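So the structure is just underneath, and the comments pick up after that.
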Amino acid sequence: MLRGEERATEAENVPPVIPTPHHYLLSVYRHKIFFVAVVQTEVPPLFVIEFLHRVVDTFQDYFGVCSEPVIKDNVVVVYEVLEEMLDNGFPLATESNILKELIKPPTILRTVVNTITGSTNVGDQLPTGQLSVVPWRRTGVKYTNNEAYFDVIEEIDAIIDKSGSTITAEIQGVIDACVKLTGMPDLTLSFMNPRLLDDVSFHPCVRFKRWESERILSFIPPDGNFRLLSYHVSAQNLVAIPVYVKHSISFRDSSSLGRFEITVGPKQTMGKTIEGVTVTSQMPKGVLNMSLTPSQGTHTFDPVTKMLSWDVGKINPQKLPSLKGTMSLQAGASKPDENPTINLQFKIQQLAISGLKVNRLDMYGEKYKPFKGIKYMTKAGKFQVRT
Amino acid sequence: MSAAPAYSDDKGGSAGPGEPEYGHDPASGGIFSSDYKRHDDLKEMLDTNKDSLKLEAMKRIVAMIARGKNASDLFPAVVKNVACKNIEVKKLVYVYLVRYAEEQQDLALLSISTFQRGLKDPNQLIRASALRVLSSIRVPIIVPIMMLAIKEAASDMSPYVRKTAAHAIPKLYSLDSDQKDQLIEVIEKLLADKTTLVAGSVVMAFEEVCPERIDLIHKNYRKLCNLLIDVEEWGQVVIISMLTRYARTQFLSPTQNESLLEENPEKAFYGSEEDEAKGPGSEEATATALPARKPYVMDPDHRLLLRNTKPLLQSRSAAVVMAVAQLYFHLAPKAEVGVIAKALVRLLRSHSEVQYVVLQNVATMSIKRRGMFEPYLKSFYIRSTDPTQIKILKLEVLTNLANETNIPTVLREFQTYIRSMDKDFVAATIQAIGRCATNIGRVRDTCLNGLVQLLSNRDELVVAESVVVIKKLLQMQPAQHGEIIKHLAKLTDNIQVPMARASILWLIGEYCEHVPRIAPDVLRKMAKSFTAEEDIVKLQVINLAAKLYLTNSKQTKLLTQYVLSLAKYDQNYDIRDRARFTRQLIVPSEQGGALSRHAKKLFLAPKPAPVLESSFKDRDHFQLGSLSHLLNAKATGYQELPDWPEEAPDPSVRNVEVPEWTKCSNREKRKEKEKPFYSDSEGESGPTESADSDPGSESESDSKSSSESGSGESNSESDNEDQEDDEEKGRSSESEQSEEEGKKKMKKRKKVSEGQGEGTSSDEGSDSSSSSSESEMTSETEEEQVEPASWRKKTPPSSKSAPAAKEISLLDLEDFTPPSVQPVSPPMVVSTSLATDLEGLTLTDSSLVPSLLSPVLGVGRQELLHRVAGEGLAVDYTFSRQPFSGDPHMVSVHIHFSNSSDTPIKGLHVGTPKLPAGISIQEFPEIESLAPGESATAIMGINFCDSTQAANFQLCTQTRQFYVSIQPPVGELMAPVFMSENEFKKEQGKLTGMNEITEKLTLPDTCRSDHVVVQKVTATANLGRVPCGTSDEYRFAGRTLTSGSLVLLTLDAQPTGAAQLTVNSEKMVIGTMLVKDVVQALTQ
């Protein structure tokens, strides 16, 4: 009924569902590849789209990157994996843990070993995961170092208007985990301030009832990396915006030159440094070129796509980074009346901007003492400044 | 599957440019592509003993398939490796086989035996994978094998194999849709499965094969609701959408009381917001809000569904969230729908494809339930980085959400959007402003002013779009906007976009009395440039000229004639036509045409203002979240969402009558382990508990339930367990009594049919545990001379009227009458049995069947329609084994009706049967009336056409129709014949080879005596005994009813218990099934 396959790309604005007389093509576009599924009959489109994304995630998991040459090189593994993931168009095994048990991902080491020993990529023991009640976890996991790491990552989505006031801002957070624990551990994770979490969605391993009644995350973790939880911080809480952008972009009607200046500075950072700042902006078509000088970092302007990007790096509160210069406009053409928007990326380590704090992590069911670690980070999500 | 060629083609195309890259990859086989002789090389590699070479070859072949190259000529070489030990080779062979089997059917058959062997493997995973590949091979010849394999797998011990069986069902159905009825049976069986693993897959099969058989769901409804949270994501989506449809047919509309409020939508949604604030999930809130009306009480099952799906809004899978959202939208009371908004808004953070789909749905919802998304208005603000299609959808939502209070902010947003670089988006924004202006009267002037300002925009597209929108807005109140029209008139000099020019001209023409001076001047200008205009503009010039001529002919007469003459010689025939037409209308001709007198009315009729409305307005008649909704067109296979019923269908059909119903809650506390096992009853006592998935306990219960719902033996085992449990606990006096009765019954039966006591001992548990069995029934049992219990046990789950509630089938195996809670009144029973007897008497005249040889009636009573499902009408049927008087090819079926309701049932008759090809029915004469408590018997004849396909028909009363089906056991499809030993041997000699089916078996001790053997065989099949010389050989003969083919059965029993069963028949299918049935009867 449906199969995902890769196909060459033309435009970016392809609708995800294309009807044809007898089939419907549903596609997702990731890593510059279209993954297309063909369906013949009515099916919830999200069902297919979700599955295709799961396929892409699996490929990425298997091959590290998911690009056209990689897929072509591994076409046999791709076939094997798809065969396991789908049965007559119905998803079968989509948990990467189970799949990896069935078909081992190709690594350089394994290829070498395989050629020497003659063993294969396909797991020779039968997959037991599919039969278990915790289908996301392999049985018989063993580690010498037992460790569990949790990353609390929050992203700020915001739209800031011309004058610097916030039009909309919200915080979306995820807790990504990397759990390498022997046996069948049963973990509980509790928060200092669980009330902050407004809208949560869980990995299937989390016991929903426990969360409902006690606001505690209780789960048997999958092995390896997984996303435990994603959440939304309730809208009532005012979102602290950690950076500000001062900008002055002006085109003059008479001359073919425009002035361009932006400065980025910290604001409500709770004493942490802002790192990894990048500024990108799509300039109007009328802009031919820009000659700019940054006070720090590097910048590029692509005259074809009209994309300006400035890699700022760390913000030093004593010496605010700025980018100044002129734009040369198409001669004779009237000044562009659209204003570019500025997109911002940044990172703040060891800070969850919402103030969310993990209280404790306990393990039951196993005897050993695991090593536990929790890391916080705040990032810019879709952070946009209008000018 | 069938899409495979399509995609491989397009793959082949796209792989083209990347071809050189393939050369590097040793596995791709790229270097071989041009050289077909090199396939020999591959064949050689496949023929070697080295796994590594085979693997290499298979990898190349799969790479060839991936590139769309035809590798079918390698089929024989590949198929040989299907039994290869190396798992990777095997898997690749499977890939190949599934791809090419349809083309090379004969060769594909070579592989079948390997899979058949695999189906018997002790390892469940191997059984499952064998079934999976077997069912993927699209070769019509193996349909019977597949059917058999599916049936067997459906009662496999392992839930994983059962899941695979569920997956195989749609595959077989797409290969041969004639198997539908049999497949429905399997589906019915699997629906009763209690493991989460199976649930999703079987519902998927249900949706694909028989979505119309909603009656199969009744008994499983509560179980599905309770299991839902533990089913894997993909299954959840399928189940939720199926349950949405189900609920629409079974429950009353929760919004029916709000219909009055709906007249004033504004008020309604404020009301719903208040309710939302109170917190979701309170019917009380709705009820108190509407004290005047009859309070609507939600069916507890309806509530159960809503409650159990709600946590799934937290799922990480967008598909599940969307499924729940549409369920709430379609099923929940208004006050509760709000909960889905938050989850949907969360999905907007996801991939752009997901956003696209979600926004489409939000757009539809926001038209109907604006209040729901208002708090999230800001989440729909548009970012410059969004793809255009997302921007436009968000714009749609924003426009839908705009109201009096938030319009200032929305408009301010729109203002920034107009300055965007994305011109399509800007155009859409202008239209959105227009819509806001029409919807919200207060801001109309503001919007209009804003749009007029846009007219001085440098971008022509923006201006053009604004003009079009202004035109629409002006139509609403033209009188006040003479200035704007003048301004627009000036623009004709500058604007070049045809649509905009045409709009301006139309406006001037329409409202020429507001701009009496300018209009003729515009016409003058246009006449000058007429030839250079676009067609659409030319038409409007003619229009303008005509209108001016009618209002102001003094100034414009000449101009008009000039324009019309120009148009007369235009290249476009549309324009020529229009010119001619207009001329005739406005210029009075010699005859003084009647038309021209009315020309003014024709041209200057007041025109209603256009309504600017959302393109999503009418989309909600498609089920949300469906492909059809997304495309706004019916997709193939789309199931309409039914309207709410006027009156609720009987809710009791969902009751699963568990004898130990009341004990369940105690048991639950005592033994938490068994929770999912008894999930049905949990639905009553505390359905939320099942949501708590304690994995430890789950694993326990899983294994338990799997053993329970496994094959026959395990059934009785677990029954015994139940029984022990019960005794431990001490039963209530009532059940004790019935237990005793059960034992009495056993004793009596032992007397009646000797020698089967041992055989039924394992059933003792189930017998006595059916606490509802009544003494009346026992007496009935005696009168009817029932079969040995073992026989009935293997009769296929009979009809849809008992949609296989596992509890019933497990515990009541012994009982052929429906488990009834109320005692069946004695007189009825008497009359029933009397009637049967009488009928038997009248008919036995024509029958030549000596009672000695066929001492038993056919099958014991089977339920056709349960008392509850039939609203008081209970219908059973038996195979009387008497020739049907009308037609010798028909099986005669006795139908027993009894009315346990308190109103008479009138006009019982058979309604239009929907029968598979070949099957025909001789209906019974209409029963005019059946008084309460009475029962009646009728005979009908069914020609099954020598197949075990079920005959489906409707049983109609004056008020209701019930869908029922009768499926005959294979043994009932024949009638005994008499022949001598010699004749028998002669006939047997003709039916050898393919027509002979032999099976070895061991007779249990209980089954060694002549009498028992004969009885068991004749009970299973309607055959006559053939006299026989040797004592250890038994022979039976019969003919199938329709075709009259001989069926000869020989049983050669050694004193040690070893025996060999041989069936000779032309009808191989019948033969095979008969052997199976007889073996089962004898060995149990």
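Relative protection proxy for B:972-978, B:56-62, from highest mean packing down: B:56-62, B:972-978 (other beta-carbon atoms within 10 angstrom).
For chain A, modelled as a GNM whose springs connect Cα atoms under 10 angstrom apart, the maximal fluctuation among A:Thr20, A:Thr166, A:Thr298 occurs at A:Thr20.
Charge tally for B:Ile518 (other residues, Cβ to Cβ under 13 Å; Lys, Arg +1; Asp, Glu -1): +1. Inter-part distance, the range B:445-514 to the range B:327-402, computed on C-alpha centroids, equals 33 Å.
For chain A, the longest principal axis of the C-alpha atoms and the axis of helix A:45-63 are separated by about 80°.
Across peptide A:78-90, the mean count of Cβ atoms from other chains lying within 10 Å of each residue's own Cβ comes to 5. Counting only other chain Cβ atoms within 10 Å of each residue's Cβ, the peptide B:620-628 averages 3. Taking only Cα atoms and a 10 Å spring cutoff, compute GNM fluctuations for chain A and point out the largest among A:Ile220, A:Ile274, A:Ile49. Maximum among the listed residues: A:Ile49. Between A:Ala158, A:Ala37, A:Ala177, the residue with the greatest mean-square fluctuation in the GNM of chain A (Cα pairs under 10 Å linked by springs) is A:Ala37. Between B:Met994 and B:Asp1032, the simple spin-label model (points 7 angstrom out along Cα→Cβ) gives 3.3 nm. Angle of helix A:108-117 to the longest C-alpha principal axis of chain A, folded into 0 to 90 degrees and rounded to 10: 30°.
Subtract the Cα-Cα distance of B:Glu534 and B:Gln561 from 0.36 nm times their separation in residues, and report this length gain in nm to one decimal. Before the final figure, lay out each step's value.
Details: separation 27, 0.36 × 27 = 9.72 nm, distance 1.98 nm.
Contour length minus Cα-Cα distance gives 7.7 nm.
Placing a label point 7 Å from the Cα of B:Asp215 along the Cα-to-Cβ direction, the residues of the range B:620-658 whose backbone N falls under 14 Å of that point are B:650, B:653-654.
The lysine pair count for the range A:243-349, using Cα distances under 26 Å and pairs eight or more places apart or on different chains, is 28. Maximal additional length on extending the B:Asp1010-B:Lys120 stretch stands at 317.1 nm, based on 0.36 nm per residue less the C-alpha distance. Inter-chain neighbour count for B:203-215: the average number of beta-carbon atoms from partner chains within 10 Å of each residue's beta-carbon is 1. Pairs from the list B:Lys310/B:Lys334; B:Lys423/B:Lys471; B:Lys189/B:Lys310; B:Lys163/B:Lys223; B:Lys151/B:Lys1067 with a Cα-Cα gap above 23 Å: B:Lys189/B:Lys310. For B:Gln1060, neighbours were defined as the other residues whose beta-carbon sits under 11 Å from its Cβ, and their charges (Lys and Arg +1, Asp and Glu -1) total -3. Buried between A and B is an accessible area of approximately 8900 Å², summed over both sides with a 1.4 Å probe.
Relative contact order for chain A: what is it in percent, counting Cα pairs under 8 Å that are at least 6 residues apart?
Numbers: 794 pairs, mean separation 60.4, N = 387.
Answer for chain A is 16 percent.
On a C-alpha basis, how far is the centre of the range B:1010-1066 from the centre of the range A:252-313 in Å? Whole number, if you could? The two parts, judged by their Cα centres, are 94 Å apart. For the range A:182-245 versus the range A:21-35, the spacing of their alpha-carbon centroids is 33 Å.
With a cut-off of 12 Å between beta carbons, the residues surrounding B:Asn899 carry a summed charge of -1, where Lys and Arg count +1 and Asp and Glu -1. Using the Cβ-Cβ distance between A:Leu361 and A:Asp57 with R0 set to 35 Å, the FRET efficiency from 1/(1 + (r/R0)^6) comes to roughly 0.85.
Pairs of Cα atoms under 8 Å, at least six residues apart: use those to get the relative contact order of the range B:364-413, whole percent.
Numbers: 27 pairs, mean separation 20.7, N = 50.
With pairs under 8 Å counted, the relative contact order is 41 percent.
Just the protein heavy atoms count here, and of the accessible area of the range A:243-349 at 1.4 Å, carbon and sulfur take up 51 percent.
Here the contact order of the range B:931-1004, divided by its residue count and restricted to Cα pairs under 8 Å and six or more residues apart, works out to 19 percent.
The values are calculated or read from the model by the stated rules, or taken from the named source; none is laboratory data. If you're wondering where the values come from, they're calculated on a predicted model, not measured in any experiment. All Cβ positions, even for glycine, are placed from backbone atoms using ideal geometry, and neighbour counts span all protein chains on display. Quick note on the areas: whole protein, heavy atoms, side chains included, nothing else; ligands and nucleic acids left out. Shrake-Rupley method; radii C 1.70, N 1.55, O 1.52, S 1.80 Å.
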